[in-house]
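*Asks:* Mind looking over this structure? Questions follow.
The values are calculated or read from the model by the stated rules, or taken from the named source; none is laboratory data. Source: prediction; values computed, not measured. Using ideal geometry, Cβ is built from the backbone for each residue, glycine included, and neighbour counts are taken over all protein chains shown.
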Amino acid sequence: MRKIIGILSLLLVISFTSNAQQNNKRGERKAELSPEQMATLQIKKMDLQLDLNDSQEKAIYKLIENQTAEREKAREKFSSKREKGEKLTSDERFKQQNERLDKQLEHKAALKKILSQEQFSKWEDNTKNKIKSRKKRIAKTKNSGENRQGFKTENQQKRPYKNKS
């Protein structure tokens, strides 16, 4: 009887540790893709949705490749500031957001030139749906007090249970 209890407790410990290791892997970032790889994947997704022809694919590929390269440069700049412990001032934050919105407008105008009217309207609808679902997902994680991986945030863990009656 003691052996059975010992074996069961050992199995439980092993299963908990292996499960904890799997949960830690979820928090790790996905493998980094090059701008060319990201552009290729995005073009294939757009081709499935919009039925692009070859000239449209080539033009959009160049557009997306440039966009992803710029995004990577901005991400590296931001991460280097974060590592140094520097925070953006309100003016820097405004400038950054303004530049991002200007780039989005340029991207939209370039796509409008490349795509047909029907394809462009379909692309806009898909983009709006993605934004709505992203906002819902963000609101859901904020309300539940969990981060993207499903773990409780530090603030949520520190707060005592409150009865909502």
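*Asks:* What's the number of the only condition in (1) exposed (fewer than 12 other Cβ atoms within 10 Å of the Cβ); (2) of a type in the set (A, V, I, L, M); (3) within 30 Å of Glu76 (Cα to Cα); (4) at pLDDT 85 or above that Ala31 fails to meet?
*Replies:* Failing condition for Ala31: (4).
*Asks:* Just checking, does the stretch 57-68 include any residue being out of contact with any Phe, Trp or Tyr (no Cβ under 7 Å at 6 or more places or on another chain) and over 16 Å from Ile43 (Cα atoms)?
*Replies:* No.
To keep it simple, each residue is scored yes or no on (1) within 16 Å of the chain's Cα centre (by Cα); (2) at pLDDT 85 or above; (3) closer than 30 Å to Ala69 by Cβ; (4) surrounded by 10 or more Cβ atoms within 10 Å (Cβ to Cβ).
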site: Arg2; (1), (2), (3), (4): no, no, no, no
site: Gly6; (1), (2), (3), (4): no, no, no, yes
site: Ser9; (1), (2), (3), (4): no, no, no, yes
site: Gln22; (1), (2), (3), (4): no, no, no, no
site: Arg26; (1), (2), (3), (4): yes, no, yes, yes
site: Thr40; (1), (2), (3), (4): no, yes, yes, yes
site: Lys45; (1), (2), (3), (4): no, yes, yes, yes
site: Leu50; (1), (2), (3), (4): no, yes, yes, yes
site: Asp54; (1), (2), (3), (4): no, yes, yes, no
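*Asks:* Counting only residues that are aromatic (Phe, Trp, Tyr) and under 30 Å from Leu115 (Cα atoms), how many does the stretch 58-98 have?
*Replies:* Result for the stretch 58-98: 1.
*Asks:* Turning to a different aspect of this structure: Being closer than 17 Å to Gln67 by Cβ and of a type in the set (Asp, Glu) is the filter; apply it to the stretch 81-104 and report the residue that is surrounded by the most Cβ atoms within 10 Å (Cβ to Cβ).
*Replies:* Only one residue tops the list, namely Glu99.
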